[in-house]
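The values are calculated or read from the model by the stated rules, or taken from the named source; none is laboratory data. Please read all numbers here as calculations on a predicted model, not as lab measurements. Here the Cβ is made from the backbone with ideal geometry for all residues, glycine too, and neighbour counts use every protein chain on show. Surface accessibility is based on the protein's heavy atoms, side chains included, excluding ligands, DNA and RNA. Shrake-Rupley method; radii C 1.70, N 1.55, O 1.52, S 1.80 Å.
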Amino acid sequence: MAKSILVTGGAGYIGSHTVLQLLLGGYRTVVVDNLDNSSEISVRRVKELAGDLGKNLLFHKVDLRDKQALEKVFASTPFDTVIHFAGLKAVGESVQKPLLYYDNNLIGTITLLEVMAAHGCKKLVFSSSATVYGWPKEVPCTEEFPLSAANPYGRTKLFIEEICRDTYRSDSEWKIILLRYFNPVGAHHSGYIGEDPRGIPNNLMPFVQQVAVGRRPALTVFGTDYATKDGTGVRDYIHVVDLADGHIAALRKLDAAGIGCEVYNLGTGKGTSVLEMVAAFEKASGKKIPLVMSARRPGDAEIVYASTHKAEKELNWKAKYGIEEMCRDQWNWASKNPYGYEPPSSK
Ligand code: NAD
Ligand code: UDP
């Protein structure tokens with residue numbers, strides 16, 4: 001009998017790509033999402049991409065903080081594991097609306113953990129972030145580095161990591177994997193699913209993509225005086241399909257004996273500057289990206305990239321794709337869906 005996996009936030013960017021890999025891997029998958037930052041069309045497209053296996057996907061429009069609704073979902077299916085993506089993720093918005101972020105991300109997670117425990121489901125994979133490394137003193141970042149947060153969004157990730165560690169300490173039946181994502185970009189190679197942020201994109205590549213399709217005039221480059229090869233910030237960009245596969249590796253690891261609450265970086269281990277990323281995207285798309293050089297963005301780190309050693313050794317997982325493939329697939333998605341899943345009039 002195939003295992004059933006509950007995916008919170010499964011209509012979103014990383015969630016939708018992970019749900020597809022789960023279906024293709026033979027898992028039954030139930031998505032709960034309140035569609036706050038996503039469209040149900042992504043769920044439909046994932047179903048189509050999965051072909052016959054699409055029948056193993058169910059969707060519930062549920063807010064994680066709605067305990068009764070979540071109870072019903074758990075009553076309908078015995079879940080083997082929960083993969084927990086659901087959360088708000090815009091750094092700037094979190095500074096403006098901290099209580100919204102604490103309410104959504106923390107209360108959502110606590111409610112989820114309570115309902116899981118009540119239903120005897122004690123296996124969890126959680127979406128943490130490289131943001132918990134703050135401005136790292138050195139690179140690559142290993143999982144043992146000291147943790148910090150520069151904004152309320154980052155603090156929700158730190159707090160949830162601690163909540164997970166405490167939950168395991170209180171009850172050793174829990175098996176939890178915290179995945180610290182570096183910078184997910186790109187899209188499924190079909191160009192049928194991809195990232196579709198609401199409003200002005202905060203992240204580099206969704207912004208670049210919107211400039212390329214003519215939705216925005218230019219990319220503002222935040223900071224040209226960093227101590228990096230060309231003065232712009234360096235990050236570890238990872239293809240979203242590689243990231244999705246990292247979750248399948250985490251599921252396998254959860255079945256191993258002796259795992260308590262473990263943390264793994266999911267990155268490529270390579271640093272790429274803003275200008276290098278723009279050049280790679282220009283090459284992939286044939287589009288010129290006009291640039292406006294500007295001051296540093298407050299709170300931004302200079303250079304962040306992952307040590308991938310622990311994930312390679314213990315999850316038996318390694319990213320396969322480089323920035324060429326990331327930009328090729330991002331452009332394929334953008335050119336086929338310049339306005340994302342829904343035309344401008346319906347947004
Ligand atoms: P996303 O916004 O595309 O997906 C998150 C999904 O969660 C959305 O579909 C949203 O509607 C849903 N959601 C939010 N609050 C909810 C709630 N209370 N109840 C039910 N559904 C809710 O974001 P993403 O890029 O796919 O990120 C997924 C996770 O990974 C998030 O937790 C994010 O913080 C984390 N993460 C993302 C990145 C990144 O750069 N994309 C980096 C590190 C970590
Ligand atoms: N960046 C930029 N212009 C933008 C968005 C981002 O120059 O419009 C830079 C940012 O300063 C950082 C890099 O691109 O050096 C990646 O930023 P992103 O927000 O995507 O990821 P994060 O900083 O959270 O790792």
**OP:** Pull up region 219-238, narrow it to residues that are more than 23 Å from the chain's Cα centre (by Cα) and under 14 Å from K270 (Cβ atoms), then point me to the one that is farthest from ligand 1 (Cβ to nearest atom).
**Re:** K229
Original post:
Could we say that L124 is of a type outside the set (K, R), away from ligand 2 (no atom under 12 Å from the Cβ), closer than 22 Å to V43 by Cβ and modelled with pLDDT of 95 or more here?
Top reply: yes
Original post:
Taking into account only those residues within region 288-347 that are within 12 Å of ligand 2 (Cβ to nearest atom) and open to solvent by 80 Å² or more (accessible area, probe 1.4 Å), which is nearest to I193 (Cα to Cα)?
Top reply: R297
Original post:
Which residue, of A257, A250, A284, is away from ligand 2 (no atom under 13 Å from the Cβ), under 30 Å from L24 (Cβ atoms) and buried (at least 21 other Cβ atoms within 10 Å of the Cβ)?
Top reply: A250
Original post:
Within region 191-204, is there a residue that is surrounded by fewer than 17 Cβ atoms within 10 Å (Cβ to Cβ), hydroxyl-bearing (S, T, Y), over 25 Å from N265 (Cα atoms) and touching a Leu at 6+ places or on another chain (Cβ under 9 Å)?
Top reply: no
Original post:
Cβ-Cβ below 7 Å, separation at least six or inter-chain, first residue in region 27-39 and within 16 Å of ligand 2 (Cβ to nearest atom), second not in a strand (DSSP E or B): which pairs?
Top reply: N37/G12; N37/R198
Subject >> Which listed residue is in contact with a strand residue (DSSP E or B) (Cβ under 9 Å, 6 or more places away or on another chain), surrounded by 15 or more Cβ atoms within 10 Å (Cβ to Cβ) and closer than 29 Å to P201 by Cβ, from K89, K61 >> reply: K89
Subject >> Lone qualifier among K47, K72 - being open to solvent by 30 Å² or more (accessible area, probe 1.4 Å), farther than 30 Å from G191 by Cα, in a helix (DSSP H, G or I) and away from ligand 2 (no atom under 16 Å from the Cβ) >> reply: K72
**OP:** Would you tally the residues in region 185-211 being away from ligand 2 (no atom under 13 Å from the Cβ) and among the aliphatic types (A, V, I, L, M)?
**Re:** 2
